Amino acid sequence: MISTRKWASEVLEVADLSGAMDLFWEKGWTDGLPIVPPTEDLVEEFLGYVELEPSQEVCRIVERNRVITAEKIAINAIMAGCLPEYMPVLIAAAECLGAPEYKLNHIASAGSLWVMTVVNGPIAKRIGLNAGMYCFGAGVRANCTIARAISLLLANCAEARIGGIQRGQFGQPGRFNYCIAENEDVDWGPTVAEMQGHQIGTSAVTIKEVGLGMVPIRCNFTTAEGILGTIAGAWPFVGSTVFLFIPPPFVEIFKDAGWSRDRVREYLRENVRFSVAELKRRGALHRRGTEELAGVPPEIEPGDDQKYVSLYAMTIEEKKALEVDPNKAEFGVSHPDIIPVVAGGDAGLFVLAMPATTDWPLVTRPVKGG
Amino acid sequence: MSVRVLNPTLVAKSGFQPAPRLGTLDGKVLGVLYNGRPGGDVVLNDLLTQLKAKYSIATVMFRTKARISNAAPEEILAELQESCDAVITGVGD
């Protein structure tokens with residue numbers, strides 16, 4: 001049946017669904033994987049689920065001078081393989097992307113940053129969003145297709161793609177699966193959304209751009225101090241906001257020992273530190289323009305390996321006195337800078353550290369009807 | 001039977017009006033906003049050298065962002081807007 005709807009989007013007529021898939025590949029509208037062709041019927045169904053008109057403006061991406069409508073979100077959601085019931089999450093995610101406090105351009109950066117999406121509240125279980133074992137892997141439709149839909153939306157509607165504004169040097173596999181639920185069964189509040197000021201028990205979507213890299217830290221101890229000591233000692237990132245995904249068995253240990261999320265955060269802020277020698281080797285201590293640097297690392301002085309910098313806890317003045325890179329000197333006043341999130345499998349064994357940009361805030365929006 | 005599908009892409013809104021072009025930099029106040037990325041100062045200073053050779057620029061106001069990742073502070077943006085006839089900035093990452 002031919003729809004009588006007048007769409008803002010161009011309507012293309014192709015011989016069959018297979019032809020539509022080929023066409024989208026040829027046009028560069030996919031992410032390299034086959035897409036579900038966004039037929040008029042499907043777009044109607046997705047919009048009907050959230051009771052939005054196609055022309056409903058959901059967000060403005062100011063940096064790209066684009067207005068994102070419900071129609072475009074539905075089209076890209078269908079392409080990704082989403083179900084209609086994922087649309088409320090995608091609408092909230094788009095609202096985050098268009099929020100004034102969200103700075104979009106970093107997702108095109110050489111560092112291959114991309115959007116990390118965490119969903120809180122009852123909608124997560126309703127749509128089968130995984131917070132447990134293999135939550136960052138393949139196999140769960142909600143996790144993979146919501147992440148993919150956000151990625152396709154930004155590629156097709158904000159040029160965040162090869163050939164557009166994308167300059168990521170290695171690329172970011174998270175474009176396909178950086179969407180998880182937070183595990184709220186273990187009751188170790190406040191959750192990410194609650195930390196952002198949202199009401200307990202409501203559904204919300206939080207986004208933050210994350211860098212290329214996730215580091216599993218194997219924790220062999222079974223006490224709170226032992227686990228946290230390992231994490232602090234193996235901290236992989238020199239100065240950034242970090243998501244710390246903590247599996248339920250470790251959360252139970254923290255809870256039994258009376259460690260709240262805030263206490264865990266403060267411990268890590270105090271105890272994550274690097275020697276001056278290490279910072280010099282990593283090029284993180286001194287900030288220099290190209291004229292001075294010329295590719296030569298600073299000299300490691302005697303005693304540098306006994307002097308330590310707590311990037312999260314030292315004051316700006318203390319770090320500037322050590323000539324810590326100004327991009328890291330202000331780190332220590334941004335909040336939150338270590339973000340515990342409960343996720344992962346019941347075997348425990350690892351926490352997962354994932355770096356994010358330093359002091360742009362998390363952005364959270366409620367899920368309507370969530 | 002054929003299939004009708006919708007285009008997923010979006011173009012930028014039309015109607016962007018650039019500021020009036022200057023024609024020359026002779027006698028003008030030129031602002032330069034450096035984002036702080038290593039090497040960016042080399043590029044901008046080289047550009048300034050070339051522009052000064054070509055034009056009699058009255059004043060150059062060179063401003064540097066404190067942090068590469070953040071927007072320039074409002075004070076710097078306001079100063080450049082109020083004081084300059086033109087501003088050069090760039091993104092190199």
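Taken together, the values in this text are just the output of simple stated rules run on the coordinates, not laboratory data. Just so you know, these numbers come straight off a predicted model, no measurement behind them. Every residue, glycine among them, receives a Cβ derived from its backbone with ideal geometry; neighbour counts consider all protein chains shown.
With N denoting the number of residues in region A:119-193, provide Rg(C-alpha) divided by 2.2 N^0.38 Å, to two decimal places. The reported ratio for this selection is 1.27.
Cβ-to-Cβ counts within 10 Å put A:TYR102, A:TYR267 in ascending order as A:TYR267, A:TYR102, the fewest first.
Among A:VAL14, A:VAL342, A:VAL118, the largest mean-square fluctuation in a Gaussian network model of chain A (Cα springs under 10 Å) belongs to A:VAL14.
With N denoting the number of residues in region A:24-113, provide Rg(C-alpha) divided by 2.2 N^0.38 Å, to two decimal places. Provide the component values of the computation, followed by the final result.
Working: Rg = 13.8 Å, N = 90, 2.2 N^0.38 = 12.2 Å.
Relative to the 2.2 N^0.38 Å estimate, region A:24-113 comes out at 1.13.
The ranking of A:MET195, A:MET133, B:MET61, A:MET116 from fewest to most other beta carbons within 10 Å of each one's beta carbon is A:MET133, B:MET61, A:MET195, A:MET116.
Across peptide B:8-19, the mean count of Cβ atoms from other chains lying within 10 Å of each residue's own Cβ comes to 6.
For A:ILE217, A:ILE246, A:ILE146, what ranking results if the residue with the fewest other Cβ atoms within 10 Å of its Cβ goes first? Can you show the working numbers first?
Details: A:ILE217 18, A:ILE246 26, A:ILE146 30.
If I rank by nearby Cβ atoms, fewest first, I get A:ILE217, A:ILE246, A:ILE146.
Legend: mean number of C-beta atoms from other chains within 10 angstrom of residue C-beta atoms, peptide A:13-21, equals 3. Summarising the amide proton neighbourhood of B:ILE88: residues at separation of 5 or more, or on other chains, whose placed amide H is nearer than 5 Å comprise B:GLY31, B:VAL32, B:LEU33. Distance from the Cα centroid of region B:1-52 to that of region A:145-197 is 28 Å (rounded to whole angstrom). In terms of packing, defined here as the mean over residues of other Cβ atoms within 10 angstrom, the peptides B:4-13, B:44-53, A:345-354 line up highest first as B:4-13, A:345-354, B:44-53. Counting, for every residue in A:36-49, the Cβ atoms of other protein chains within 10 Å of its Cβ and taking the mean gives 2. Using Cβ point charges alone (K and R +1, D and E -1), the dipole size of the protein assembly as shown about the Cα centre works out to roughly 600 debye.
Axis of helix B:74-83 versus longest Cα principal axis of chain B: the two differ by about 70°, to the nearest ten degrees.
Per the Kirkwood formula applied to alpha carbons, chain B shows a radius of gyration over Rh ratio, Rg over Rh, of 1.19. Dividing the summed helix terms, -39500 (n - 2.57) for each DSSP H run of n ≥ 4, by the number of residues in chain A produces a 222 nm estimate of -9000 deg cm²/dmol to the nearest 500. GNM remark for chain A: springs join alpha carbons under 10 Å apart, and the peak mean-square fluctuation among A:PRO355, A:PRO247, A:PRO100 falls on A:PRO100. Against chain A, whose longest principal axis is taken from its Cα atoms, helix A:40-50 shows a tilt of about 60°. Derived value for chain A: Kirkwood hydrodynamic radius 22.0 Å. Basis is the mean of 1/r over every pair of different alpha-carbon atoms.
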